[in-house]
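Written out below as structure tokens is the structure these notes cover.
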4 protein chains.
Amino acid sequence: MSPHQKLPIAPELQVTQWLNSKEPITLKSLRGKVVVIEAFQMLCPGCVSHGLPQAQKIASLFPPDKVTVMGLHTVFEHHEPMTPVSLKAFIHEYRLKFPIGVDEPGAGGMPNTMAAYQMRGTPSLIMIDQKGFLRVNLIGHVHDILVGAKIATLLAEADSLKLQDKREDNDGGDENGCPVPDNV
Amino acid sequence: MSPHQKLPIAPELQVTQWLNSKEPITLKSLRGKVVVIEAFQMLCPGCVSHGLPQAQKIASLFPPDKVTVMGLHTVFEHHEPMTPVSLKAFIHEYRLKFPIGVDEPGAGGMPNTMAAYQMRGTPSLIMIDQKGFLRVNLIGHVHDILVGAKIATLLAEADSLKLQDKREDNDGGDENGCPVPDNV
Amino acid sequence: MSPHQKLPIAPELQVTQWLNSKEPITLKSLRGKVVVIEAFQMLCPGCVSHGLPQAQKIASLFPPDKVTVMGLHTVFEHHEPMTPVSLKAFIHEYRLKFPIGVDEPGAGGMPNTMAAYQMRGTPSLIMIDQKGFLRVNLIGHVHDILVGAKIATLLAEADSLKLQDKREDNDGGDENGCPVPDNV
Amino acid sequence: MSPHQKLPIAPELQVTQWLNSKEPITLKSLRGKVVVIEAFQMLCPGCVSHGLPQAQKIASLFPPDKVTVMGLHTVFEHHEPMTPVSLKAFIHEYRLKFPIGVDEPGAGGMPNTMAAYQMRGTPSLIMIDQKGFLRVNLIGHVHDILVGAKIATLLAEADSLKLQDKREDNDGGDENGCPVPDNV
């Protein structure tokens, strides 16, 4: 990535209800971690057959203090059968363990978070780096090798960043005076 | 099968609503065909991953005038999210083309047809021979080779039966006087 | 099948060596059984990924006194690396348990049994009925449901035949005087 | 990785013959790239079903100027059927496109490169970083997500290294005076 490329900040989640989580989750609270979001609909065959299993595998393979995995139920069709009550039964039956947010219904059928991210459908795989920048936003089936590579790349940036921060600290910078540039 | 074994007549379906079919379907109307019924719940992972795809494959491989394939939505848990409205969206998303009946809700959570067949869960694979006898009633994943073998066995019985009937006719029997025994 | 259709007798196997069998095997000795032959080459990817696993599954699902499964190593290319010595290591590594015959090398690269059956490549799936007639000769991937159906159809013919034979016996026929017609 | 951990230099390949490559390949010539080596035997079922397909997928997903993928035929059993002639036919049939080296036969059945790497069997997945250090040496099935993550981690180290080198240059270091430590 070019040092002068402007990265978009990942829009905050607009969630009406969280399942598998006692507390509401904000992206802001996850700064310092790589965040993987599986946007899905419970009646979407591709989500059921590969998107959600892939998310579960990610959650089992990476340390939770470095990589946070969550689901986002982005219902943009068949609203009636995909209510939170239905989702709850689905989560139970499919043994999903990671936190899942219900995307806030929006005008025109498209829920608000989905619209803010300009997702094109489900499943969509979202990755956010440790500084909160939106780095991956892909629809459809993404090969496991690429998914693993992308997560590790973001993790490595974080490590590199720490090293860099320390050096900058050594140079006498402080948090106000040396803001991390948008392009990191 | 021993010639003296008594086969059970397959209980008639108790269905409140049919999808993918303009007319209600009765087992009685299907005499002369082998009937394959996939009993499922739309939120049952095993039904989604192998039971229903297997049923679709059966429907595509055997001639419809000899083998009838249908689904039966036997909801015995999570009743709220598995209503006919939800089922309709599910059928649309999973591109299911064969007729699907909604099993009539019964006392105690178990729907009536499911109870009459003493099914033990979903997916359950039911096969009924051309004379209306219940011949297969299995829960879980049944290997494709066995499924193919069982259907062909029932089809062959039908052929054999026709041959036999003809011979009996030649011997002077009539339909009233020479009823086909229960055990065929 | 029309009663007047003429079925070909399955040509006898021309095998130079048997593995997984102490005795040479002839088709003639298998009359009364349904015979399934998986013709393969050990370096043929389709044989390794689905042909041979399917043959092993057949061998595990049907009773050996009714269905005989065997392999036939029909090498028509890469002769040097697919010698019996190589085949033996292959059988060991892939844990193949059914008898496997080495098809006799013929003129022009094509081995003799393969040529006699006019097989078009590997994997080829051969089925022979209990009377020794060649009934199935298919190249490539055959769906498990169809394979199961075909075996069961041949098994059912056998059952039907026994019934028929008995009746003919009752009518006073004898084995010489009442030969089973070619078309059964 | 701790900065004080001592990494082993990957032993040079001992290869008698290269397939899919006009020139012999040395690890030394690949400095600056991440090197992925799939050690396999052509008659090893796990190599055929997942090790080699994974290697092919890696080769197709990462840019060849950054990641080099090669095979190593490490025959430690069934030597007779796994000669270079057999391997050549195997490569042809399985459409393998990356360079494959034949590991030099050694004393006691174990080939020399395999012994030098202390591999425990096949398939073994080897990864070497851009400085020539051995970083991954795993036997068996490694999940695609982990494989992707590991390659990306090594790629990121390379990028980080370049950055670091530049900074060190800025600090007045020169290549002789500021050698990159073994543990990078």
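The values are calculated or read from the model by the stated rules, or taken from the named source; none is laboratory data. None of these values were measured; they are calculated from a predicted model. We place every Cβ from the backbone using ideal geometry, glycine too, and count neighbours over all the protein chains shown. The protein model used for the area step is the full one, side chains on, heavy atoms only, and it has no ligands, DNA or RNA in it. Shrake-Rupley method; radii C 1.70, N 1.55, O 1.52, S 1.80 Å.
Quick one: accessible surface of A:VAL15, probe radius 1.4 Å, all protein chains present, in square angstrom to the nearest 10.
Roll a 1.4 Å probe over it and A:VAL15 shows about 40 Å².
Once a ≥ b ≥ c are taken as the square roots of the eigenvalues of the Cα gyration tensor of segment C:112-162, is the result rounded (a/c under 1.5), prolate (a/b larger than b/c) or oblate (a/b not larger than b/c)?
Taking the square roots of the gyration eigenvalues as a ≥ b ≥ c, segment C:112-162 is oblate.
With a 1.4 Å probe and all protein chains kept in place, how much accessible area does A:ARG135 have, in Å² rounded to the nearest 10?
40 Å²
Per-residue HN-Hα couplings for segment C:48-59, Karplus 6.51 cos²θ - 1.76 cosθ + 1.60 at θ = phi - 60°, whole Hz, x for Gly and Pro?
In residue order, the calculated couplings are 6, 7, 9, x, 5, x, 5, 4, 5, 5, 4, 4 Hz.
Placing a label point 7 Å from Cα toward Cβ, how far apart in nm is A:LYS66 from its equivalents in the other copies, listed shortest first to one decimal?
1.9, 5.7, 5.9
Please calculate the 1.4 Å probe accessible area of C:LYS28, with all protein chains present, and give it to the nearest 10 Å².
The accessible area of C:LYS28 comes to roughly 150 Å².
Would you mind giving the mean number of other chain beta-carbons within 10 Å of the Cβ of each residue in A:81-88, as a whole number?
Per-residue shielding by partner chains comes out at 4.
Relative to the present Cα-Cα distance, how much length would full extension add between D:ILE25 and D:HIS143 at 0.36 nm per residue of separation?
Taking D:ILE25 through D:HIS143 to full extension adds about 39.7 nm, to one decimal.
Once amide H atoms are placed 1.01 Å from N in the peptide plane, what residues at a sequence separation of 5 or more from C:GLY132, or on another chain, have their amide H within under 5 Å of its amide H?
Those lying under 5 Å, H to H, from C:GLY132 are C:GLY32.
Which value, in nm² and rounded to one decimal, describes the direction-averaged projected area of the C-alpha convex hull of segment D:1-128?
The directionally averaged projection comes out at 8.5 nm².
In whole Hz and in residue order, list the ³J(HN,Hα) couplings for segment C:150-158 that follow from phi through the Karplus curve 6.51 cos²θ - 1.76 cosθ + 1.60, θ = phi - 60°; x for Gly and Pro.
5, 4, 5, 5, 5, 4, 5, 4, 4
Ordering A:ASP65, D:ASP103, B:ASP144 by how much accessible area each has at a 1.4 Å probe, largest first, what is the list?
Accessible-area ranking of A:ASP65, D:ASP103, B:ASP144, largest first: A:ASP65, B:ASP144, D:ASP103.
If we hang a label 7 Å off Cα along the beta carbon direction at D:GLY140, how far is it from the matching labels on the other copies, in nm, shortest first?
Label-point separations across copies, in nm and ascending: 2.5, 3.5, 3.8.
Quick one: divide the alpha-carbon radius of gyration of segment B:55-141 by 2.2 N^0.38 Å and tell me what you get.
Here the Cα radius of gyration is 1.14 times the empirical estimate.
Please report, for C:ALA107, the nm distances (one decimal) from its label point, 7 Å out from Cα along the beta-carbon direction, to the equivalent points in the remaining copies, shortest first.
Copy-to-copy label distances at C:ALA107, shortest first: 5.4, 8.2, 8.5 nm.
If you take every residue apart from A:GLU93 with its C-beta less than 14 Å away from the C-beta of A:GLU93, what net charge results, scoring Lys and Arg +1 and Asp and Glu -1?
+1
Counting only protein heavy atoms and rolling a 1.4 Å probe, how much accessible area do A and B lose on contact, total for both sides, in Å² to 100?
Protein heavy atoms only, the A-B interface buries about 1400 Å².
Do any of A:LYS131/D:LYS131; A:LYS97/B:LYS88; B:LYS6/C:LYS57; B:LYS6/B:LYS28 go past 23 Å between their Cα atoms, and which?
Cα-Cα > 23 Å for A:LYS131/D:LYS131; A:LYS97/B:LYS88; B:LYS6/C:LYS57; rest within.
Shielding by partners for D:90-100, please: the mean number of other protein chain Cβ atoms within 10 Å of each residue's Cβ.
2
Apply the Karplus curve 6.51 cos²θ - 1.76 cosθ + 1.60, θ = phi - 60°, to the phi angles in segment B:28-38 and return the couplings in whole Hz, x for Gly and Pro.
4, 6, 9, 3, x, 10, 7, 10, 10, 10, 9
Using the crude model of +1 on Lys and Arg Cβ and -1 on Asp and Glu Cβ, and no other charge, please compute the dipole size for segment B:42-164 relative to its Cα centre, in debye to 20.
The calculation lands at about 280 debye.
Give the residue from A:THR122, A:GLY32, A:HIS73 lying farthest towards the positive end of the charge dipole for segment A:15-143; charges sit on Cβ (+1 for Lys and Arg, -1 for Asp and Glu) and the dipole is referred to the Cα centre.
About the Cα centre, the residue reaching furthest to the positive side is A:GLY32.
Could you put C:HIS50, A:HIS73 in order of accessible surface area, largest first, with the 1.4 Å probe and the full protein assembly present?
Final ranking, largest accessible area leading: C:HIS50, A:HIS73.
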